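Accompanying notes for the structure given below.
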Amino acid sequence: MKRKSLNLGGARSADDMDKVINKLNVDMTDAEAAALKKPVEKEVEKARVTHYLSTDILGALEEVYDDLRRKLPYSEKSKVKKSHLVDFALKHIVDDFHKKGDKSMLMKEFVKK
């Protein structure tokens, strides 16, 4: 009996994922099957930008990146990029600025009285 090839490119809905998983000829636990059925997350639109960082901050970014990846399970390591760390840090700085205004970290750093 020839095995049907799987086309994962078009699978989007839970029903589509069920069809794909049911075609697999493997034994798996319910938890493993449920993990495969998780909906595909929508990709966030990104833009390529260039900014200069001090060598100290760049070194600290590299250190945090390496430490974080060492602590993650193997399956999660490839999901962490330096861009994610920078995005996370900037999101928190912007949130702080919007919440605290004149008392934010940015204002304290750049508007010296």
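Here, each number is a calculation from the coordinates, and none is a lab measurement. None of these values were measured; they are calculated from a predicted model. Glycine gets a Cβ as well: all are built from the backbone with ideal geometry, and neighbour counts include every protein chain shown.
Key figures
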item: FRET efficiency for Leu68 and Ala47, using Cβ-Cβ distance with R0 set to 25 Å, rounded to 0.05; result: 0.55
item: Per-selection metrics, segment 55-110 (Cα): Rg and Dmax in Å; result: 14.3, 43
item: Relative contact order of segment 43-113, pairs being alpha-carbon contacts under 8 Å that are 6 or more residues apart, as %; result: 17
